[in-house]
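The values are calculated or read from the model by the stated rules, or taken from the named source; none is laboratory data. Model, not experiment: these values are computed from the prediction. Backbone-built Cβ (ideal geometry, glycine too); neighbour counts: all protein chains shown. Keep in mind that these areas ignore ligands, DNA and RNA; they rest on the heavy atoms of the full protein, side chains included. Shrake-Rupley method; radii C 1.70, N 1.55, O 1.52, S 1.80 Å.
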Amino acid sequence: MNINLTQFKNTKIYFFITLLTFVIYGNSINNEYAIDDNIVVEGNQLVAKGFKALPEIFKSRYSSDKKQEYEYRPTVIASFAIEKQFFSKLPASQTIKEKKRKDKLTQANISHFINVLLYALTCILLYKLLLTIFKEYNILLPLLTTLLFLVHPLHTEVVANIKSRDELFMLLGIILALIWFIKFAELNQYKYLAFAFIAILFALYSKRNAIMIFGLAPIVLYYVKADYKKIGIVFFSMVLVFIVSILIKKGLLTGKSTRNLLFFENPLFYQGSLLDRITVALYCSWFYLEMLIFPINMSFYYGYNQIPMADFSYWQVWAAILFFVPLGVYGFIQFIKRNPLGLGILIWLGVMLGVINVFFPIVGIAADRYTYAFSLGFCIVVAYLLVKYFKVEIFEQNIKIKLPSTMIILVMIISIVYSGRTIARNSDWHDYMTLYTTDIEHLTESAKAHALLANTLYPMVVREVQLNPQSQQAANDVKKLIYHFNEALRIDSTYATTWNNLGSVYVNYIRDFNQAITYCKQAIKYNPNYLEAHFNVTYSYIQLNNVDSAYQYALRVVEIDPDYVKIYELFNNFLIKNNKIEEGINDLIALSKVAERKKNIYVSIANLYSVNANGNYTNSIEYFEKAYQEDPSDKVLCKHLANLYKLTGNQKANEYLMKCK
């Protein structure tokens, strides 16, 4: 087929890219929230404030809780806050059952639409970048590369997972920076350097993996024949923006980013030498190659032991050595010659090196989204090999080219197959449970996958039992909980949360308290300050009428967290039933002397003194007074004190009534 390339105007190509993006990812727009969306947008109180939250967002970390502080990604969180400003009146999300009754537009749908729009914009800008890089060639190579990138199924997680907007923003910023660096090199206008400065800052504040620009910019500038002085200026400007980004962050944030990494997230955080990291990296590189060619089983999470701690006994390690070492050498030689194939190989392998555990362990060991940036290099390689295999002239002067029908058919087949896989995968990302139950079929060796499924199912079981205690569905789901918790522990027996959650199933539904104690004590073994596990053991010992053990574990709960309100009613009733009030008061008083937060301990002591008061509330009032001094804003406690003073005929009743107003 003869084609005149002059008829392909940029506006038509941009429209085609946008249209194709929405055709492929359109069915993701009706999805709701899924994995990790609860960390950054769903239920995020800061994001819910809209525009008012923006100053605070730039002074806050990506996400934080009592246990950990994540890194700094303010641009992503700010985008969600802006969404909330305009769309907060929409329902946050819908369940599948609710959609069947009436499918409504939700806040989650808006977020998905914006992700698809951002992906379309990324592909348009990528095409513009490739036109600039491959300016000695006609538009076929940039267009074919962009098409392959757009339809690749591995990008599904980036687009269909709202949380992965950090990946979209990061690559968008990198592409813009590269476009403006090339313009600076060509036109010697420093305004483009300033534009690139802003783009890199945007990318870094979206995800710190944007540091890959330090490798990408020099090789791209070398390829487009920028003089070395310009490359040096660009590199210096990148160092400067990196320093500025750190200084700004330090000025806005306090404390350090902390992440409590678990064994199943990547055992290399806990064990392994450089050689271990290299063999795992080789395994991951082969894994990614298979996924780049065609991803049969994409997953929301891999981790241990879905991705094993591979050594030289794994054939994938040797296959990776035999494939990637010659490929890397050949790619470098071709890159020096400024061959597009060499550039593609360097982008592919260079960026991939940063996410395969060789330099540092990667959370999850591997992930579909980690391929997003380096898949560009793979797409350049495939596009170039296609045009070379079919001997298509791609130099700039060749405006009229002849495309073999077999090449057209092959590209169409690849596009249709990739697009079909993407469309099918989009529906898997509909919501948490749809995603988890779909992927668990092949994530049989992922500890976190099993745990996430069970942890998400658990509250659904609770609601079902509350509505219908005799529900057969709930009974079946309890069996699923036990199965998936056990599978998670089979893979990683150090997972304290899963031990506790399994124990709580035996407390709440199986009513096997001895087994519950066994499981929860395992949780305590791996986390000696595990509050909920201590509470579950306390409750179980009370049910078994093991007085001494129940008593000791109850005191330990108070010691770990004096504000854990649930323990006090349970403990007080236990003390009353077993005639241990005086002993309990003495031990609680001892704990109050060392506790930082004493209010609830004082209230518990006061309540215990009230049991045998016989009209003399002196001791009870004393400790209620102490509790009130800890928290003078507690109006309920204030009114209670007023009533006690009134009951005893004390004039302080009026004083407290005034305070309570």
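From the list 384, 370, pick out the single residue that is more than 31 Å from the chain's Cα centre (by Cα) and either among the hydroxyl-bearing types (Ser, Thr, Tyr) or open to solvent by 10 Å² or more (accessible area, probe 1.4 Å) (or both). Steps first, answer last, please.
Numbers: 370 fails: more than 31 Å from the chain's Cα centre (by Cα).
Going through 384, 370 in turn, the sole match is 384.
Scanning the stretch 306-360 for residues being farther than 30 Å from residue 135 by Cβ, touching a Phe, Trp or Tyr at 6+ places or on another chain (Cβ under 8 Å) and not β-branched (Val, Ile, Thr) gives a total of 9. Within the bounds of the stretch 613-632, is there any residue that is under 25 Å from residue 507 (Cβ atoms) and either among the aliphatic types (A, V, I, L, M) or open to solvent by less than 60 Å² (accessible area, probe 1.4 Å) (or both)? No, the stretch 613-632 contains no residue that is under 25 Å from residue 507 (Cβ atoms) and either among the aliphatic types (A, V, I, L, M) or open to solvent by less than 60 Å² (accessible area, probe 1.4 Å) (or both).
Taken over the stretch 496-553, the criterion of being open to solvent by 40 Å² or more (accessible area, probe 1.4 Å) and touching a His at 6+ places or on another chain (Cβ under 8 Å) is satisfied by 553 alone. Across the stretch 479-532, the qualifying residues are those that are outside any helix (DSSP H, G or I) and within 20 Å of residue 440 (Cβ to Cβ), and the one among them that is nearest to the chain's Cα centre (by Cα) is 495.
Within the stretch 459-473, being open to solvent by less than 60 Å² (accessible area, probe 1.4 Å) and not in a helix (DSSP H, G or I) holds for one residue alone: 471.
Among residues belonging to the stretch 437-458 that are of a type in the set (D, E, K, R) and assigned to a helix (DSSP H, G or I), point out the one that is farthest from the chain's Cα centre (by Cα). Per the criteria, the residue is 439. I need the full set of residues from the stretch 422-440 which are surrounded by fewer than 19 Cβ atoms within 10 Å (Cβ to Cβ) and touching a residue at least 60 places away in the same chain (Cβ under 8 Å), in order please. Listed by number, the residues that qualify are 423, 427, 434. Could you check the stretch 158-170 and list, in sequence order, the residues that are open to solvent by less than 10 Å² (accessible area, probe 1.4 Å) and in a helix (DSSP H, G or I)? 158, 159, 160, 162, 164, 165, 166, 167, 168, 170, listed by residue number.
Quick check on residue 92: is it open to solvent by less than 70 Å² (accessible area, probe 1.4 Å), in contact (Cβ under 8 Å) with a residue 40 or more places away in the chain, small (Gly, Ala, Ser) and within 24 Å of residue 23 (Cβ to Cβ)?
Values: open to solvent by less than 70 Å² (accessible area, probe 1.4 Å): yes; in contact (Cβ under 8 Å) with a residue 40 or more places away in the chain: yes; small (Gly, Ala, Ser): yes; within 24 Å of residue 23 (Cβ to Cβ): no.
No.
Answer with yes or no whether residue 434 is touching a Ser or Thr at 6+ places or on another chain (Cβ under 7 Å) and part of a helix (DSSP H, G or I). No.
Results for (1) touching a residue at least 24 places away in the same chain (Cβ under 8 Å); (2) in contact with a His (Cβ under 6 Å, 6 or more places away or on another chain); (3) loosely packed, with under 15 Cβ neighbours inside 10 Å; (4) more than 16 Å from residue 363 (Cα to Cα), shown as yes or no for each residue.
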residue: 249; (1), (2), (3), (4): yes, no, no, yes
residue: 261; (1), (2), (3), (4): yes, no, yes, no
residue: 277; (1), (2), (3), (4): yes, no, no, no
residue: 286; (1), (2), (3), (4): yes, no, no, yes
residue: 291; (1), (2), (3), (4): yes, no, no, yes
residue: 295; (1), (2), (3), (4): yes, no, no, yes
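Please indicate, with yes or no, whether at least one residue in the stretch 313-322 is surrounded by 13 or more Cβ atoms within 10 Å (Cβ to Cβ) and not in a helix (DSSP H, G or I). Within the stretch 313-322, one or more residues are surrounded by 13 or more Cβ atoms within 10 Å (Cβ to Cβ) and not in a helix (DSSP H, G or I).
Matching residues to (1) over 14 Å from residue 162 (Cβ atoms); (2) among the basic types (Lys, Arg); (3) within 19 Å of the chain's Cα centre (by Cα):
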residue	(1), (2), (3)
60	yes, no, yes
78	yes, no, yes
90	yes, no, no
97	yes, yes, no
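Selection of the stretch 177-226 for residues being outside any helix (DSSP H, G or I) and either buried (at least 18 other Cβ atoms within 10 Å of the Cβ) or out of contact with any helix residue (DSSP H, G or I) (no Cβ under 9 Å at 6 or more places or on another chain) (or both) yields 205, 206, 207, 224, 226.
Does residue 574 satisfy the criteria of being of a type in the set (Phe, Trp, Tyr), in contact (Cβ under 8 Å) with a residue 12 or more places away in the chain and under 16 Å from residue 552 (Cα atoms)?
Values: of a type in the set (Phe, Trp, Tyr): yes; in contact (Cβ under 8 Å) with a residue 12 or more places away in the chain: yes; under 16 Å from residue 552 (Cα atoms): yes.
It is true that residue 574 is of a type in the set (Phe, Trp, Tyr), in contact (Cβ under 8 Å) with a residue 12 or more places away in the chain and under 16 Å from residue 552 (Cα atoms).
Looking across the stretch 441-473, the residues that are without any contact (Cβ under 8 Å) to a residue 40 or more places away in the chain, aliphatic (A, V, I, L, M) and under 23 Å from residue 305 (Cα atoms) come down to 453, 457.
Filter the stretch 239-269 down to the residues that are among the aromatic types (Phe, Trp, Tyr) and within 21 Å of the chain's Cα centre (by Cα) and list them by number.
263, 264, 269
Quick test for you: out of 130, 126, 117, pick the one residue that is part of a helix (DSSP H, G or I), open to solvent by 20 Å² or more (accessible area, probe 1.4 Å), modelled with pLDDT of 95 or more and of a type outside the set (Val, Ile, Thr).
Just a single option satisfies the conditions, and that option is 117.
Given 392, 363, which one is assigned to a loop (DSSP other than H, G, I, E, B), modelled with pLDDT under 95 and within 23 Å of residue 284 (Cβ to Cβ)?
Values: 392 fails: within 23 Å of residue 284 (Cβ to Cβ).
So the residue among 392, 363 that is assigned to a loop (DSSP other than H, G, I, E, B), modelled with pLDDT under 95 and within 23 Å of residue 284 (Cβ to Cβ) is 363.
So, residue 476, is that one surrounded by fewer than 15 Cβ atoms within 10 Å (Cβ to Cβ) and touching a residue at least 12 places away in the same chain (Cβ under 8 Å) or not? So residue 476 fails the test. Across the stretch 582-606, the qualifying residues are those that are surrounded by fewer than 16 Cβ atoms within 10 Å (Cβ to Cβ) and in a helix (DSSP H, G or I), and the one among them that is nearest to the chain's Cα centre (by Cα) is 594.
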